[in-house]
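The values are calculated or read from the model by the stated rules, or taken from the named source; none is laboratory data. Source: prediction; values computed, not measured. Cβ placement follows ideal geometry from the backbone for every residue including glycine, while neighbour counts extend to all protein chains displayed. Keep in mind that these areas ignore ligands, DNA and RNA; they rest on the heavy atoms of the full protein, side chains included. Shrake-Rupley method; radii C 1.70, N 1.55, O 1.52, S 1.80 Å.
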Amino acid sequence: MFKLNGLFYIKLAKTNLKKNSKTYFPYILTCICSIIMFYVMNSLSLNKGLNNIRGRDGLITILGFGDIIIAIFSVIFLFYTNSFLIKRRKKEIGLYNVLGMEKKHIGKILSIETLIIAFISLILGVLGGILMEKLLYLILLNLLKMKITFSSTVSISMPSIVRTIELFSAIFIVILMANILQVKVTNPIELLKGGQKGEKEPKTSWILSILGVIELAVGYGMALTIDSPLNSLDVFFIAVILVMVGTYSTFTAGSIAFLKLLKKNKSFFYKTKNFISVSGMIYRMKQNAVGLANICILSTAVLITVSTTAALYYGQESSLKIAYPLDADISIENVTDAEKNEVINLVQEEAKKKNVTLKNKIQYYNKKLLVEGEKNSFKTPKIKQGFFENITEIEAYTLEDYNKMESKNVSLKENEVLIFSVVKDFQYDSIIINGLEYKIKDQVNKLKIVNKNKNNIRDKYVVIVKDMKTLNDICKTNKDEKSKMLDYNIFFDISGDKENIIQFSDSLKSSICTGKHHIFRSIYTKRENFYVTNGGFIFIGSFLGLLFTMGTVLIIYYKQITEGYEDSERFRIMQNVGMSKEEVKKTINKQVLMVFFLPLIVSTIHIAVAFKVVSKLLALFGLFDVTTLIIAVAVAVLVFSVLYTVVYALTANTYYKILQQEN
């Protein structure tokens, strides 16, 4: 038995880390980056400089959410990386044990190594976080369109330092305990063989393979058939879970089942190139399937996170222009003359007080109905659970108001109407509203007060009726007695100083919206809210995108190293059976390329299939401009593919160096 002193343990731990620097350096770098990201996000969520921002509560919630996500993924990434490190070192640890070093001594060495790593990571991570926070805080203010002043710079956040140290100390302690437990329960022979497990040909799991295909098919089907944004949220999460599970099943079992089918095809398999490629791929997929599935899921997460948050931020102006044909509008449901006059006077007084001018004013009576529809027939539904599912909105107003606001001179006969389709084209010659049938005289392509919106939350049609009597007839079909009166609307543009316009909008909102059925909307206040919310989203999206990318790169790097050591043995065997060095290298290159880019191809397919449901989901957050989302997705896929290829080139270099060293 060894009799060892403390200095020996420290010296051996330092030597081990130095000797394994090729694998430990990326691990320590990951620890430092995770600590920086957690500290920055936590510190920003506590920053008092954000207190005066409009919509602060929503922003803090978003930052707090990011804080939790970073903490969860830090735990996952560090555990994953550590599992690779300890697997690579099992032979070395087994050798210590065989040479007479007791497991408690090995535990001490592992403890000192963990202490060194934790010390370096926490010191550099917290210092890096403090430095990065200043820069990222200014970037956040810029995204929120806030003024950046000298007071915008930040001080060191002690609560965040304490939380960061607490969290990552706990992670390092749990990782150390897991490593010590693993060494304790494994005998020396198993440790010595630890890195050589898995050389038997994998068995085919047909059940898991078929399940994987079914899960993917159902998940894809749900994503492709979603029609209403209001149904998107729950469907999206179910589809995401099915696709994730299906991805793991297909990579782990489906890929091997497919290769085994190729192997059974004797005319295909017993050709030199196919024999080596298929056999090699079977072992390669067995050992890397979970890692490849992880890369695929993380790549999809990066693309979804970055593209959606970027689309929300950069598509907000075009979405605002779709949602707000004029700068502001007021809607008073079931209006009385007294209410109408009170609101009109209030708007004029506030405009005068705040020194703003109202232009392009449009005032008219209308009626909005939420109805269930089948073909051209619509009726008011009974209020029940799931009321908003399959609901169509119909807005009706008179021809006189239409001619006035559009400067037209259209005429209608009895029971004739004009129709404007906001979302889907209306394909019928007549429309039936609560049993009243009207003939469609013409389809209107453009209105001043409503824009076309293919991504609107619900179907919507504007029906222009002959006169006030017809409009009142439609009102009376409402089952609710209180809703049988007309609504009144005022639309207008606002000009003046920006601060005055914001004050005018705030004042009207607080005065008008006290009534239960009074609604005031302003593009100016909405724009400010959008920038705060979507600025927070793109900030957190970039952060999480960076975190997921870091995880993807890390898994790729360790996968390449693992394959480098494992392929060196196959390299020797293939040369021994008569293949030239060039032939072997060409064969392995082909397999590595195929395996490496498979997750990227699958994640791109996931994104393409998810596009429809994602675009519907984003409509709930106010993004109506689908073109911006298409551009954002295309750019994200392109940039990520380039980054992915660069990572491949860099890690492949390490892979071939290992092959050369081992041969």
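Values of log10 I(q)/I(0) for the range 88-167 across q = 0.13 Å⁻¹ run -0.62, by the Debye formula with one identical scatterer at each alpha carbon and no solvent. The phi-based Karplus calculation (6.51 cos²θ - 1.76 cosθ + 1.60; θ = phi - 60°) puts the 3J(HN,Hα) values of the range 447-459 at 9, 6, 9, 9, 9, 4, 8, 5, 10, 5, 4, 9, 4 Hz, whole numbers, x for Gly and Pro. Under 5 Å between amide hydrogens, which residues at least 5 positions from Asn434 or on another chain qualify, with H placed 1.01 Å from N in the peptide plane? Hits under the 5 Å cutoff: Phe378, Lys379, Thr380.
How far apart, in nm, are two points set 7 Å out from the Cα along the Cα-to-Cβ line at Met177 and at Asp234? So the two model labels end up 3.9 nm from each other. Each Cα pair under 8 Å and six or more residues apart adds its separation to the average, and for the range 1-152 the resulting relative contact order is 44 percent. With every protein chain in place and a 1.4 angstrom probe, the accessible-area ranking of Leu99, Leu598, Leu629, Leu358, largest first, reads Leu99, Leu598, Leu358, Leu629. As a calculated quantity, the FRET efficiency between Leu7 and Met132 at R0 = 41 Å, using C-beta atoms, amounts to about 0.65. In this calculation the C-beta distance from Asn52 to Phe268 is compared with R0 = 56 Å, giving a FRET efficiency of 0.20. Once both labels are positioned 7 Å from their Cα atoms along Cα-to-Cβ, the gap between Leu29 and Val642 label points is 2.0 nm.
Amide H contacts for Asp467 (H built 1.01 Å from N in the peptide plane; partners 5 or more residues away or on another chain; cut-off under 5 Å): Leu399.
Axis of helix 232-249 versus longest Cα principal axis of the chain: the two differ by about 20°, to the nearest ten degrees. By DSSP, the beta bridges lying fully in the chain are antiparallel in about 70 percent of cases. Put simply, the C-alpha atoms of the range 406-538 give a gyration tensor, and the ellipsoid matching it has half-axes of 33, 19, 16 Å, longest first. Backbone phi angles across the range 538-555, fed through the Karplus curve with coefficients 6.51, -1.76 and 1.60 (θ = phi - 60°), yield HN-Hα couplings of 5, 5, 5, x, 5, 4, 5, x, 5, 5, 5, 5, 4, x, 5, 4, 4, 5 Hz in residue order; Gly and Pro are listed as x. Surface exposure of the chain, expressed per residue as accessible area with a 1.4 Å probe, stands at 49 Å². Along the axis of the charge dipole computed for the chain (Cβ charges of +1 for Lys and Arg, -1 for Asp and Glu, origin at the Cα centre), the listed residues Ile130, Asn294, Tyr557 are led at the positive end by Tyr557.
Computed from the C-beta positions of Gln427 and Ala634, the FRET efficiency with R₀ = 41 Å rounds to 0.80. With each label modelled as a point 7 angstrom along the Cα→C-beta vector, the Lys19-Val185 pair spans 2.7 nm. For a straight C-alpha distance cut-off of 15 angstrom, the aspartates and glutamates reachable from Lys452 (same-chain residues fewer than eight places away being disregarded) are Glu393, Glu395, Asp425, Asp625.
Computed from the alpha carbon positions, the gyration tensor of the range 305-431 leads to an equivalent ellipsoid with semi-axes of 29, 26, 18 Å, biggest first. The order of Glu582, Glu395, Glu416, Glu528 by accessible area, most exposed first and with a 1.4 Å probe, is Glu582, Glu528, Glu416, Glu395. Dividing the alpha-carbon radius of gyration of the range 22-105 by the rule-of-thumb value 2.2 N^0.38 Å gives 1.68. Backbone amide hydrogens, once placed in the peptide plane, bring Ile494 within less than 5 Å of Asp327, Lys359, excluding anything fewer than 5 places away on its chain. Here the 3J(HN,Hα) profile of the range 55-65, calculated from phi with Karplus coefficients 6.51, -1.76 and 1.60 at θ = phi - 60°, is x, 4, 4, x, 5, 5, 4, 5, 5, x, 4 Hz, Gly and Pro shown as x. The aspartates and glutamates whose alpha-carbon is closer than 19 Å to the alpha-carbon of Lys498, local same-chain residues fewer than 8 away aside, are Glu317, Asp327, Asp329, Glu349, Glu350, Asp506, Glu528. Please work out which option in (1) 1.06; (2) 0.95; (3) 1.09 gives Rg/Rh (Cα atoms, Kirkwood Rh) calculated from these coordinates, and answer with its label. Here the calculated entry is (3). With axes computed from alpha carbons, what is the tilt in degrees of helix 103-143 against the longest principal axis of the chain, rounded to the nearest 10 within 0 to 90? Computed tilt is about 30 degrees.
Think of the chain as a dipole: +1 on every Lys or Arg Cβ, -1 on every Asp or Glu Cβ, centred on the Cα centre; then among Phe539, Tyr438, Ala178, Ala178 lies furthest on the positive end. Computed with a 1.4 Å probe over protein heavy atoms only, the accessible area of His606 comes to about 10 Å². For the range 298-378, the Kirkwood hydrodynamic radius comes to 17.4 Å, computed from all pairs of different C-alpha atoms. Would you work out the relative contact order for the chain, in percent, from Cα pairs under 8 angstrom that are 6 or more residues apart? Relative contact order of the chain: 19 percent. Cross-link pairs exceeding 19 Å in C-alpha to C-alpha distance, out of Lys87/Lys586; Lys361/Lys408; Lys48/Lys134; Lys340/Lys361; Lys352/Lys509; Lys368/Lys441, comprise Lys87/Lys586; Lys368/Lys441.
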